[in-house]
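Quick notes on the structure that follows.
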Amino acid sequence: MCQSVELCRARVPMLAAQSLTQLSLAQFFCGREASALDCALEATQVQVPEYLGGFVAGTIFRERAYGADRAGAMAFLNEALLKFKLPLENQPNTLGSWALLMSVVEGLSTLGEREQAAEFYPLTRELLDTGMVTFCSIARFPQTIAGIAAAAGRQWERAEEHFRTALQQAEEMPDRREQADISRFLGAMLLEKGSPDDREQARTLLSDAIAGYSDIGMPRFIEVTKLSLARADEP
């Protein structure tokens, strides 16, 4: 991945920001959060093609949200939304705007900003209507993000439908990291929903997520999921 960054710097400078951001994602998933954020911030110093505007900013926001830097994450988001456009309803939108939307929904949900995350559910449905199955540049499935937005609004049935669809897509692809993430998101949602049957399903899903993260080397997310699993085991 580092070679990709250097190649872009030398031959296709306009794509250097994209390479740096994907290097940031790789570091982030491995649990090297400081290095990940450094790479993403470095990407902001590189010229970004207009159609990718919002891609880098969304990555920084999502990583700061997972890093529990609530004040910093929200301040950064407010500033970013003055510079970069989220998708507009009922019209074509750029890849960068969709990438920003997906990262914003996940980051807001991670920070507990449920009402704001839920407001974007209609836009996530529009993204699904484009037919996109995976957004590889930010390593996330649109169905997963739609599930997060629906769950933030406590639309339990819709959220579960999105998560189950995403899980099937991830299994068919296959995408083992996304499988683990979906199991974590769905398990946490079922815990919040709160019926006895949901609790047992949540325990299974969260255990599956931990096993998946262990297999592919994502220690930071193992710890996050263990916290949810501990809540599942509470009386």
task: Among the residues of region 181-206, write down those that are surrounded by 18 or more Cβ atoms within 10 Å (Cβ to Cβ) and either among the acidic types (D, E) or touching a His at 6+ places or on another chain (Cβ under 7 Å) (or both).
output: D181, D198
- request: Go through (1) under 20 Å from R184 (Cα atoms); (2) in a helix (DSSP H, G or I); (3) in contact with a Lys or Arg (Cβ under 9 Å, 6 or more places away or on another chain) one by one and return the number of the condition L77 breaks.
  value: (1)
- prompt: Within region 44-61, is even one residue crowded, with 21+ Cβ neighbours inside 10 Å, farther than 15 Å from G96 by Cα, modelled with pLDDT under 85 and among the β-branched types (V, I, T)?
  reply: no
query: Which condition number does S137 fail, the rest of (1) touching a residue at least 60 places away in the same chain (Cβ under 8 Å); (2) more than 21 Å from S103 (Cα to Cα); (3) small (G, A, S) being met?
result: (2)
- line: Of those in region 83-122 that are out of contact with any Phe, Trp or Tyr (no Cβ under 9 Å at 6 or more places or on another chain), aliphatic (A, V, I, L, M) and in a helix (DSSP H, G or I), the residue surrounded by the fewest Cβ atoms within 10 Å (Cβ to Cβ) is A118
message: Checking the structure you have, find out if any residue of region 146-164 is surrounded by 23 or more Cβ atoms within 10 Å (Cβ to Cβ), farther than 21 Å from L111 by Cβ and either within 13 Å of the chain's Cα centre (by Cα) or aromatic (F, W, Y) (or both).
response: no
- prompt: Taking interchain pairs and intrachain pairs at least six residues apart, which have beta carbon atoms under 8 angstrom, with the first residue in region 37-57 and over 20 Å from V105 (Cβ atoms) and among the polar types (S, T, N, Q) and the second modelled with pLDDT of 85 or more and not in a loop (DSSP other than H, G, I, E, B)?
  reply: T44/V56; T44/A57; T44/I60
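Report yes if T165 is out of contact with any strand residue (DSSP E or B) (no Cβ under 9 Å at 6 or more places or on another chain), farther than 23 Å from F29 by Cβ and of a type in the set (V, I, T), otherwise no.
no
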message: Taking the conditions exactly as written (buried (at least 17 other Cβ atoms within 10 Å of the Cβ), within 30 Å of G131 (Cβ to Cβ) and either of a type in the set (D, E, K, R) or touching a Lys or Arg at 6+ places or on another chain (Cβ under 8 Å) (or both)), does E178 satisfy them or not?
response: yes
query: Is there a residue in region 189-211 that is more than 16 Å from the chain's Cα centre (by Cα) and in contact (Cβ under 8 Å) with a residue 40 or more places away in the chain?
result: yes
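The values are calculated or read from the model by the stated rules, or taken from the named source; none is laboratory data. Since we're looking at a predicted model, the values are computed, not measured. Reconstructed Cβ throughout: ideal geometry from the backbone, glycine too, with neighbour counts over all protein chains shown.
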